1. Could you please give the count of residues in the stretch 75-95 that are farther than 12 Å from VAL38 by Cβ and either in a strand (DSSP E or B) or touching a residue at least 24 places away in the same chain (Cβ under 8 Å) (or both)?
2. Can you tell me which residue is farthest from ARG124 (Cα to Cα) among those in the stretch 1-41 that are of a type outside the set (A, V, I, L, M, F, W, C) and touching a Phe, Trp or Tyr at 6+ places or on another chain (Cβ under 7 Å)?
3. For residues that are assigned to a loop (DSSP other than H, G, I, E, B), on the phi < 0 side of the Ramachandran plot and within 16 Å of ligand 1 (Cβ to nearest atom), tally how many sit in the stretch 1-40.
4. For residues in the stretch 303-353 being among the aromatic types (Phe, Trp, Tyr) and more than 21 Å from the chain's Cα centre (by Cα), which is farthest from VAL216 (Cα to Cα)?
5. Of all residues in the stretch 152-177, which are of a type in the set (A, V, I, L, M), within 16 Å of ligand 2 (Cβ to nearest atom) and surrounded by fewer than 22 Cβ atoms within 10 Å (Cβ to Cβ)?
6. From the list GLY122, GLY105, which one is within 16 Å of LEU152 (Cα to Cα), surrounded by fewer than 20 Cβ atoms within 10 Å (Cβ to Cβ), touching a residue at least 24 places away in the same chain (Cβ under 8 Å) and not acidic (Asp, Glu)?
7. Condition first: surrounded by fewer than 23 Cβ atoms within 10 Å (Cβ to Cβ), within 16 Å of ligand 2 (Cβ to nearest atom) and in a loop (DSSP other than H, G, I, E, B). Now tell me which residues in the stretch 204-221 satisfy that.
Amino acid sequence: AVATGRQRLTLLGATGSIGQQTLDVLVRHPERYEVFAVTAGTQWQAMARLCETVQPRYAAMADATSATSLRNHLAGLGSQVEVLSGPEALAELAAHPDVDTVVAGIVGAAGVRPTLAAVEAGKRVLLANKEALVVTGSLFMDAVKRYGATLLPLDSEHNAIFQCLPTEGVNAGVERLLLTASGGPFREFSAEQLKAVTPEQAIKHPNWDMGPKISVDSATLMNKGLEFIEACWLFDVPPAMVDVVVHPQSVIHSMVAYRDGSVLAQMGTPDMRTPIACGLSWPERVESGAQRLDFSTLIGLNFELPDLERFPCLGLARDAMAAGGTATAVLNAANEEAVAAFLDGRLDFMGIADVVARTLDKQDAPACCDVDAVMEIDRQARQLACHWIKERGC
Ligand code: NAD
Ligand code: MG
């Protein structure tokens, strides 16, 4: 359908930061793209506004109550949009035969099933929902191969690496993948200062405007840990081949180092519309709306190594990847619970790493051969994490 007409899309997580920025790119190219379906969690009012401007064929909410509110509201406006509800509806719209491309923009493990549904339907899948890949790992990548899906990374680092890799793949002379990290809002905080940081401080990222969960992950460096795991799976490289380099300006979005000493970097202003546009139009290029890099005002590029003492989450992610099995699913589940607790004042900032470490230590993480089994480990890990959160309390 890509060659014959407009690309038809399902946007999973349409009301979020990724969803909104995707729509901003799409509306610039109405001759190329058509929004077929949009989905969201519970924010039905944001979804109602979105339906009025975008006029998709379907809109789905994750729960029945918000779907009913949305349906009633849209009926009152005489809208033609059909409203569906429940996790099954999300998966159905991701796998719908009329859809070419699915933007995976749900946050957290909630995105596992709808994203996998898109993969199993052989879609072109634009992946922002890194947790889905971190949780299911080899199951996800096996499904990509088996069902012939096209997987394109939207995460800016992975999109940068994707652009810098040789078309023949990592085996054609690649020595290392270098993931850049901004270092987050607390890069220069002392261990003492880190103990007292608040959710308000944590969600104010210096370079990027993102949803609350990934903003906290950027502040703990768990985001870089999840991205490290994501890179190993996406590009099929051993963990020892992936390095993290702190680069506070976020101008270089990541790099690929080659056997002959060459290092290729992808640069741009920190604006997610660039990797989104790249994923949407690949192998072509379209206008994204992003501001251009201005080399006459660019002051300098700095680099440093990450400090694992102050930011233990990055080390925990490396440990989970090395442990194998479902350890990365356990890491993710514990982190989601800990971040939610931090955001509503039930856990202190350094408690996040502590809760993740304790859960990884105590939760069994066997290799699983199907998604149901992985999601059962996810459930158990959340239970254990909630126990540690209560115990540490604040
Ligand atoms: P967000 O919180 O702004 O949006 C999340 C979206 O997911 C919303 O539409 C929400 O309704 C939906 N959602 C939440 N819970 C759901 C559930 N249980 N069922 C169905 N839908 C649900 O988050 P975001 O910042 O857009 O991030 C989305 C994903 O993209 C995350 O995995 C994040 O790590 C990744 N990502 C985001 C950015 C960014 O700049 N925002 C950059 C790179 C990667
Ligand atoms: Mg990223």
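Read-outs: derived from the displayed coordinates by stated rules, not from any lab. Please read all numbers here as calculations on a predicted model, not as lab measurements. Positions of Cβ are generated from backbone atoms using ideal geometry, with glycine treated the same way; all protein chains shown enter the neighbour counts.
1. So the count comes out to 9.
2. The qualifying residue farthest from ARG124 (Cα to Cα) is ARG6.
3. Total satisfying the criteria: 3.
4. Result: PHE303.
5. Taking the stretch 152-177 first, the residues of a type in the set (A, V, I, L, M) are 152, 154, 160-161, 165, 170, 172, 174, 177.
Still in the running and within 16 Å of ligand 2 (Cβ to nearest atom): 152, 154, 160-161, 177.
Correct list: LEU152 only.
6. The unique qualifying residue is GLY122.
7. Correct list: HIS205, PRO206, ASN207, TRP208, ASP209, MET210, GLY211.
Yes/no per residue for (1) farther than 28 Å from MET272 by Cβ; (2) out of contact with any Ser or Thr (no Cβ under 6 Å at 6 or more places or on another chain):
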residue	(1), (2)
CYS313	no, no
ALA333	no, yes
ALA340	no, yes
ILE389	yes, yes
